[in-house]
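Have a look at the structure below before the remarks.
No value in this document is a laboratory result; all are computed from the given coordinates. It should be emphasised that the depicted structure is a prediction, and the values quoted were computed from it without experimental measurement. So basically every Cβ, Gly included, is an ideal-geometry build from the backbone, and we count neighbours across all protein chains shown.
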Amino acid sequence: MKNKIKLLRVENNYTQEELSKLVGVRRETIVFLEKNQYNPSLLLAYNISKVFNKSIEEVFQFEDV
Amino acid sequence: MKSKSSFAVLTLLSLLFGVFVFFSFNGGVRTVEIVIISMIVLLGIGVTINTYAKEKKQKKGIIVEDELSEKIKTKSGSLSFHYSYFVWLIFIYLEVFGIELETWEIIGGGFFLNSMTFLIIKWYLNNKSYEE
């Protein structure tokens, strides 16, 4: 699963620290997410999408199995 | 108990006290025991500093625990349990190669190496790479 978190974060002028506080996770988790090294829970994916006013599909790109 | 850090300090002191009492009843302290005590002290200091740093971050409003940290903790535990088999295997091989160890040295060494394995894996997953 890939995502556009870094792109959207920069577009919205958020730092990693600010975004992490908005969604209730550690800054390190945002780092892992931006590197596509961690697949978030549905709740975290929903919270991140909500911060950027996007749908989950717009932020996260699911790969077909 | 006021805070986690004071709990950590109290645990460390009780552990040290227990170790000294144990060794004083078993014929004094030898070099091996000094090494073990030093290791326990080092581990204890590490845990205390870590707990204190976490508490300081929490006071500043920084999130210290989340879903990823929980997953890392679980994965580190499972991996270190897996590798612990090899730790015990090393001790068996030491016996095979003629290095005689006392029971408490095997158990103590095993627990120490297992906890070190856990800490190293946790550090690696936290700082280098976490792949699902």
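Shape class of the protein assembly as shown from the Cα gyration tensor (axes a ≥ b ≥ c, square roots of the eigenvalues): oblate, since a/c reaches 1.5 or more and a/b does not exceed b/c. Ranking of A:46, B:85 by neighbouring Cβ atoms within 10 Å, starting from the fewest: B:85, A:46. Going from the fewest other Cβ atoms within 10 Å to the most, the residues B:64, A:25, B:96, A:31 appear in the order B:96, B:64, A:31, A:25. Loop-located trypsin sites (Lys or Arg not before Pro) in segment B:69-132 (DSSP state not H, G, I, E or B) with no more than 13 neighbouring Cβ atoms inside 10 Å: B:128.
When each full DSSP H helix of chain B is screened for a Cα extent of at least 18 Å along its own axis and an average Kyte-Doolittle hydropathy of at least 1.6, the helices passing are B:4-24.
In this structure, the pairs whose alpha-carbon distance is over 30 Å, taken from A:50/B:71; A:2/B:56; B:60/B:128, are A:2/B:56.
Dividing the summed -39500 (n - 2.57) terms of all DSSP H runs of n ≥ 4 by the residue count of chain A sets its mean residue ellipticity at 222 nm at -14500 deg cm²/dmol. From helices alone, chain B scores -28500 deg cm²/dmol at 222 nm; the rule is -39500 (n - 2.57) for each run of n ≥ 4 DSSP H residues, then divide by the residue total.
Working from Cα pairs under 8 Å separated by at least six residues, relative contact order for chain B is 25 percent. Listed from fewest to most Cβ neighbours within 10 Å, the set A:64, B:66 follows the order A:64, B:66. Working from Cα pairs under 8 Å separated by at least six residues, relative contact order for chain A is 43 percent.
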